[in-house]
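Student: Have a look at the structure that comes next, please.
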Amino acid sequence: MSLSVDVYVPRAEGGIEVLDVPPESSDVAGWERWRTEVWGSEPVRSLGARFFPRLATEDLTVAPDEVSDFLAECDLLRTHLARIADHMTAEAGTGSRKSHAEHADDVSRRLDNIVNAARRALGIGGGVIIW
């Protein structure tokens with residue numbers, strides 16, 4: 001099973017409305033096991049990330065007023081892709097044996113999808129959910 005990233009808008013009567021993913025976009029945010037093996041991993045936590053590590057124990061909901069901070073955290077992770085890929089290469093449980101470059105590319109492409117969703121959310125005053 002895969003993690004998905006979506007944009008939502010709060011409903012006036014409470015709750016949220018999850019918006020459709022535009023045709024030119026992807027909602028793939030990684031494999032389910034990435035909750036702990038990537039997004040909640042020690043390398044990500046050691047960077048001081050406060051959003052992504054929550055995926056280790058729950059779905060991640062980023063409130064509309066937190067989206068800018070979330071985008072900054074995405075930039076932080078992108079800056080440290082090599083460290084994250086090092087961890088994925090060293091850990092036997094992160095899926096098929098891939099090269100360091102392949103792991104870095106996988107995370108980069110998922111971050112692209114997440115950043116795309118966050119930018120869409122920012123543009124409409126919405127939030128982001130990864131589930």
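Student: With the dipole of the chain worked out from charges on the C-beta (+1 for Lys and Arg, -1 for Asp and Glu) around the Cα centre, which of Thr36, Leu77, Ser99 lies farthest toward the positive end?
Tutor: With unit charges placed on the Cβ atoms, the residue in question is Ser99.
Student: Could you pull out every residue, at least 5 positions away or on a different chain, whose amide H is within less than 5 Å of the one on Leu3? Hs are placed 1.01 Å off N in the peptide plane, and Pro or chain starts have none.
Tutor: Under 5 Å from the amide H of Leu3: Ala29, Gly30, Trp31, Glu32.
Student: Next question. Determine the relative contact order of the chain: mean sequence separation of Cα pairs under 8 Å and six or more apart, normalised by residue count, in whole percent.
Tutor: Numbers: 198 pairs, mean separation 49.3, N = 131.
Contact order relative to length: 38 percent.
Student: I need the peptides 57-66, 35-44 ranked by packing, meaning the mean over residues of other C-beta atoms within 10 angstrom, with the highest value on top.
Tutor: Per-residue Cβ counts within 10 Å, averaged per peptide and sorted highest first, yield 35-44, 57-66.
Student: While we're here: What is the angle, in °, between the Cα long axis of helix 100-124 and the longest principal axis of the Cα atoms in the chain? Nearest 10 is fine, range 0 to 90.
Tutor: Roughly 10 degrees, rounded to the nearest 10.
Student: What distance in nm separates the simple spin-label points at Leu76 and Ile16, each placed 7 Å from Cα in the Cβ direction?
Tutor: Calculated label separation equals 2.0 nm.
Student: ³J(HN,Hα) across the range 52-68 via Karplus (A = 6.51, B = -1.76, C = 1.60, θ = phi - 60°), whole Hz, x for Gly/Pro?
Tutor: Going residue by residue, I get 4, x, 4, 4, 5, 10, 7, 5, 9, 10, 9, 5, x, 7, 10, 4, 4 Hz, with x marking Gly and Pro.
Every number in this text was worked out from the coordinates using simple rules, so none of it is lab data. All values reported here derive from a predicted model rather than from experimental measurement. Please note: Cβ atoms are built from the backbone with ideal geometry, for glycine as well, and neighbour counts cover all protein chains shown.
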